[in-house]
1. Restricting attention to the range 60-69, does a residue exist that is closer than 15 Å to Asp11 by Cβ and in a strand (DSSP E or B)?
2. Check Glu116 against each of (1) closer than 30 Å to Arg36 by Cβ; (2) part of a strand (DSSP E or B); (3) open to solvent by less than 40 Å² (accessible area, probe 1.4 Å) and name the one condition it does not meet.
3. Would you check which residues across the range 160-177 are open to solvent by 80 Å² or more (accessible area, probe 1.4 Å) and either part of a helix (DSSP H, G or I) or not polar (S, T, N, Q) (or both) and list them?
4. Working only within the range 51-86, note down all residues that are open to solvent by less than 10 Å² (accessible area, probe 1.4 Å) and small (Gly, Ala, Ser).
5. Restricted to the range 132-150, and to residues that are in contact with a strand residue (DSSP E or B) (Cβ under 6 Å, 6 or more places away or on another chain) and not aliphatic (A, V, I, L, M), which residue is surrounded by the fewest Cβ atoms within 10 Å (Cβ to Cβ)?
6. Just name the residue that is surrounded by the fewest Cβ atoms within 10 Å (Cβ to Cβ) out of those in the range 1-50 that are in a loop (DSSP other than H, G, I, E, B), at positive phi and under 23 Å from the mean Cα position of the chain (by Cα).
7. Looking at (1) outside any loop (DSSP other than H, G, I, E, B); (2) under 19 Å from the mean Cα position of the chain (by Cα), which is the one condition that is false for Leu121?
Amino acid sequence: MKTILSSETMDIPEGIEIKIKAKVIEVTGPRGTLTRNFKHLNLDFQLITDAETGKQKLKVDAWFGSRKTTAAIRTALSHVSNLIIGVTQGFRYKMRFVYAHFPINASITNDNTAIEIRNFLGEKKVRKVDMLNGVTVVRSEKVKDELVLDGNDIELVSRSCALINQKCHVKNKDIRKFLDGIYVSDKAKIEEEA
C-alpha cells in the first residue's frame, strides 16, 4: 500500500547553516562544513520556517511512498542529525589493544593521520593504516594501550576504526582462543569529553 504523503520535520539548532541543492545537503557549523548526497533516495528536502517560533526546520516529504520509502525519511533525518552533531561537537571513538602474550606496538606517523602496528602476535610484518580524510588518531595519555580517533564525519571516523580493526585479524588460528586485536571500546562526542 502506498501512502499519499508522509513527511517529517526536524529542528535546526542556532548557529548552524544548512544549504540544500538537488538533494545534496551541506551543513556548516563552528567545526567546519560537511556535505552529504541523498540523490539515491526518492524524497523531497526543503527548508521551512516555523510560523510560531520563527526557527528554521528541515522538512522531508515522500509522495506516494511504499513502506521502504517512508522508512527512508527517518534515516535521512538521522544522517542530517549526525552531520549537525559533527559540525558542532565532533565524534570521538576509542580503541583498545587486546593481547595475551605479544604486546601490540603502535606508532603514529604522518602528522596523526596514519598508524603503524608492529609485533601483532609476534609477527615481523608492519601493518600501516592511513586514516580517512579529516580523521586524526592519537595515543591516549591517561589509559595504557588506547587509541583515540577524532573527526567531524561519523562515517569516516567509524570507517577508520574498521580499517584498523580489520588489519589485525588473526589468520589460521582458533579465533575463540586468540582474541588479540584492536577493538572499538567507546563511542562518544568530543565536546562531552572535554
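1. Checking the range 60-69: at least one residue is closer than 15 Å to Asp11 by Cβ and in a strand (DSSP E or B).
2. Result: Glu116 fails condition (1) only.
3. Gln166, Lys167, His169, Lys171, Lys173, Ile175, Arg176, Lys177 - these are the residues of the range 160-177 that are open to solvent by 80 Å² or more (accessible area, probe 1.4 Å) and either part of a helix (DSSP H, G or I) or not polar (S, T, N, Q) (or both).
4. Correct list: Ala62, Gly65, Ala76, Gly86.
5. The residue in question is Ser140.
6. In this case the residue turns out to be Gly15.
7. Going through (1) outside any loop (DSSP other than H, G, I, E, B); (2) under 19 Å from the mean Cα position of the chain (by Cα) one by one, Leu121 breaks only (2).
The values are calculated or read from the model by the stated rules, or taken from the named source; none is laboratory data. Small disclaimer: the values here were computed from a predicted structure and weren't measured. Every residue, glycine as well, gets a Cβ built from its backbone with ideal geometry; the counts of neighbours run over all protein chains shown. Just so you know, the surface numbers come from the protein's heavy atoms only, side chains and all, with ligands and any DNA or RNA stripped out. Shrake-Rupley method; radii C 1.70, N 1.55, O 1.52, S 1.80 Å.
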